[in-house]
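Visitor: Below is one structure. I have some questions about it.
Read-outs: derived from the displayed coordinates by stated rules, not from any lab. Here the structure is a predicted model, which means the values were calculated and not measured. Here the Cβ positions follow ideal geometry from the backbone for every residue, glycine too, while neighbour counts run over all protein chains shown.
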Amino acid sequence: MHIKDGQKKELTHMNSLNFEQGDIVIAELLYSEQIGLKIRPALVISNTKYNKISDDIILLKITSSEKKTKYDLTLKAEDIENGKLKNESTIMIDNPVTTYKGVIQTKVGKVTKEKLKEVKEKLSELYEL
């Protein structure tokens, strides 16, 4: 990630925010092939205690593409509190990303408790927890 002089202060500010599990953020993330970056929405999945003490954060990418695997979950307007996304979207459960909080540009909302429970159930199913 290339950081311009004026962006460093903004990135430090976002890094100092407390992120909660279930927050929807906009972040600059690598494509799954690990080549190239894309600014996209993502769901904070790491727990709030971890997020308070770590410079890193664990995210699930959100895409406007339709579901591709049985682990993907649809994200509709009614699944989001305190914000919104432009389109009905898909949470990609099977591709978590651990990244530096500094790549997060902003928070745009939070999923409902019900949707977060669905996400956890899908994670449990995927990893057989």
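Visitor: Once the Cβ-Cβ distance between LEU37 and GLU121 is put in as r, and R0 is 30 Å, what FRET efficiency do you end up with, to the nearest 0.05? Walk me through the numbers before you get to the answer.
Guide: Values: r = 30 Å, r/R0 = 1.01.
Efficiency, rounded to the nearest 0.05: 0.50.
Visitor: Right, next: With the cut-off at 1.5 for a/c, could you classify region 75-129 from its C-alpha gyration tensor as rounded, prolate or oblate? Display every interim value, and only then the final one.
Guide: On the way: a/c = 2.04, a/b = 1.18, b/c = 1.73.
It is oblate, given that a/c is not under 1.5 and a/b is not larger than b/c.
Visitor: Run the quick spin-label model on GLU114 and ASN18: label points 7 Å from Cα toward the beta carbon, then report their separation in nm to one decimal.
Guide: Placing both labels 7 Å along Cα→Cβ, they lie 2.8 nm apart.
Visitor: Taking Cα pairs under 8 Å and at least six residues apart, what relative contact order does region 5-127 come out at, in percent?
Guide: About 30 percent, as a whole number.
Visitor: Quick query: amide H of GLY109 versus all other amide H atoms, modeled in the peptide plane; which residues come in under 5 Å with a sequence gap of 5 or more or a different chain?
Guide: Amide H neighbours of GLY109, under 5 Å, 5+ apart: ILE24.
Visitor: Further question: Beyond 25 Å, what percent of the Cα pairs of region 5-127 remain?
Guide: On the way: 1346 of 7503 pairs.
Of the Cα pairs, 18 percent sit more than 25 Å apart.
Visitor: Can you tell me how much longer the chain between THR74 and LYS52 gets when fully stretched, taken as 0.36 nm per residue apart minus their C-alpha distance, in nm with one decimal?
Guide: Values: separation 22, 0.36 × 22 = 7.92 nm, distance 2.82 nm.
This chain segment gains 5.1 nm when fully extended.
Visitor: Ranking GLU20, GLU114 by Cβ neighbours within 10 Å, fewest first, what do you get? Each step should come with its number before you reach the end.
Guide: Details: GLU20 14, GLU114 10.
With the sparsest Cβ surroundings first, the list reads GLU114, GLU20.
Visitor: Would you tally the net charge around LEU73, using a Cβ to Cβ cut-off of less than 15 Å, leaving LEU73 out, and scoring K and R as +1, D and E as -1? The partial results should precede the final answer.
Guide: On the way: positive: LYS61, LYS67, LYS68, LYS70, LYS76, LYS113, LYS115, LYS117, LYS120, LYS122; negative: GLU66, ASP72, GLU78, ASP79, GLU88, ASP94, GLU114, GLU118, GLU121, GLU125.
Combined, the nearby Lys, Arg, Asp and Glu give 0.
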